[in-house]
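Novice: Questions regarding the structure given below will be posed in turn.
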């Protein structure tokens, strides 16, 4: 089978990516000839080598962009590299309808060791890792290419808060947190509290939701969870050389940066 025919067949099946191993399995061409063909189609912009041995197919409707929507290939990519993942942070917020800013970068959460970020042509993917893999709060969504995994609204919110220093600070995400809160359910919050390990992030989470005037029905289980054991003052925005001072709110959050919601 010729490479161009293989690509046409994949697109007819709504598949937008392939690995070299898959290609070798269906082609009787020499590996060197296939490498030449892959290089040729890469130069034409019909395929993009995303990671070593893994290619995206760019159909005509995406030529100008030079990239695919993340949901069309992310599940296959992580099956190829044999790791768990979920679409998270600003990317997940966008899927939940909470993205008033147009994001060009995609954000994926996985496990250690850390993956190198991808910046190839129009493809900009940033990988974050977590030391405790979620047992809940990962949803499955359907795309034209099949199922992909995404963090729930509650997990998306705490991930944003937890990684705030790498994502532009808490004010950049405040409007998104407000929009995300409209997608919360009691079950989503309660499931998060059964496994989520970062108490200081939950304190910031509760504090910010209260500042955004989110319903008490969502705040109450977070506070009840915190009260099960002692919890101590934390900075709203963690700073390496700064320690929390006096606090005057029930979440014990020292507001060390002025909150400005730009929604």
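The values are calculated or read from the model by the stated rules, or taken from the named source; none is laboratory data. Keep in mind the model is a prediction, meaning the values are calculated, not measured. Every residue, glycine among them, receives a Cβ derived from its backbone with ideal geometry; neighbour counts consider all protein chains shown.
Novice: Determine if region 79-88 includes at least one residue that is within 22 Å of the chain's Cα centre (by Cα), more than 30 Å from residue 161 (Cβ to Cβ) and not assigned by TED's automatic domain parsing to the domain that holds residue 130.
Specialist: No.
Novice: Another question, then. Based on what the data block shows, is residue 235 surrounded by fewer than 23 Cβ atoms within 10 Å (Cβ to Cβ), more than 22 Å from the chain's Cα centre (by Cα) and either farther than 22 Å from residue 91 by Cα or at pLDDT 95 or above (or both)?
Specialist: yes
Novice: Looking at region 1-27 only, could you name the residues that are closer than 15 Å to residue 72 by Cα, free of Cβ contacts under 8 Å to residues at least 40 places away in the same chain and surrounded by fewer than 13 Cβ atoms within 10 Å (Cβ to Cβ)?
Specialist: 12, 13
Novice: In region 154-171, which residues are touching a residue at least 60 places away in the same chain (Cβ under 8 Å) and crowded, with 17+ Cβ neighbours inside 10 Å?
Specialist: Scanning region 154-171 gives 155, 156, 159, 160, 163, 164, 167, 170.
Novice: Of all residues being part of a loop (DSSP other than H, G, I, E, B) and in contact with a strand residue (DSSP E or B) (Cβ under 8 Å, 6 or more places away or on another chain) in region 114-124, which is surrounded by the fewest Cβ atoms within 10 Å (Cβ to Cβ)? Just the residue, please.
Specialist: Top of the filtered list is 116.
Novice: Please determine whether any residue of region 173-191 is in contact with a strand residue (DSSP E or B) (Cβ under 7 Å, 6 or more places away or on another chain), farther than 15 Å from residue 261 by Cβ and buried (at least 18 other Cβ atoms within 10 Å of the Cβ).
Specialist: no
Novice: Collect the residues in region 28-48 that are farther than 13 Å from residue 66 by Cβ and surrounded by 15 or more Cβ atoms within 10 Å (Cβ to Cβ), keeping them in residue-number order.
Specialist: Answer for region 28-48, where residues must be farther than 13 Å from residue 66 by Cβ and surrounded by 15 or more Cβ atoms within 10 Å (Cβ to Cβ): 29, 34, 37, 38, 41.
Novice: With respect to residue 55, is the statement that it is within 14 Å of residue 108 (Cβ to Cβ), part of a strand (DSSP E or B) and either at pLDDT 95 or above or outside the structural domain of residue 169 (by TED's automatic domain parsing) (or both) true?
Specialist: It is false that residue 55 is within 14 Å of residue 108 (Cβ to Cβ), part of a strand (DSSP E or B) and either at pLDDT 95 or above or outside the structural domain of residue 169 (by TED's automatic domain parsing) (or both).
Novice: Looking only at region 65-90, how many residues end up being free of Cβ contacts under 8 Å to residues at least 40 places away in the same chain and not in a loop (DSSP other than H, G, I, E, B)?
Specialist: So the answer is 2.
Novice: Kindly indicate whether any position in region 196-210 is at pLDDT below 95, surrounded by 15 or more Cβ atoms within 10 Å (Cβ to Cβ) and either over 22 Å from the mean Cα position of the chain (by Cα) or more than 26 Å from residue 136 (Cβ to Cβ) (or both).
Specialist: No, region 196-210 has no match at all.
Novice: Go through (1) closer than 19 Å to residue 148 by Cβ; (2) surrounded by 12 or more Cβ atoms within 10 Å (Cβ to Cβ); (3) not assigned by TED's automatic domain parsing to the domain that holds residue 149 one by one and return the number of the condition residue 74 breaks.
Specialist: (3)
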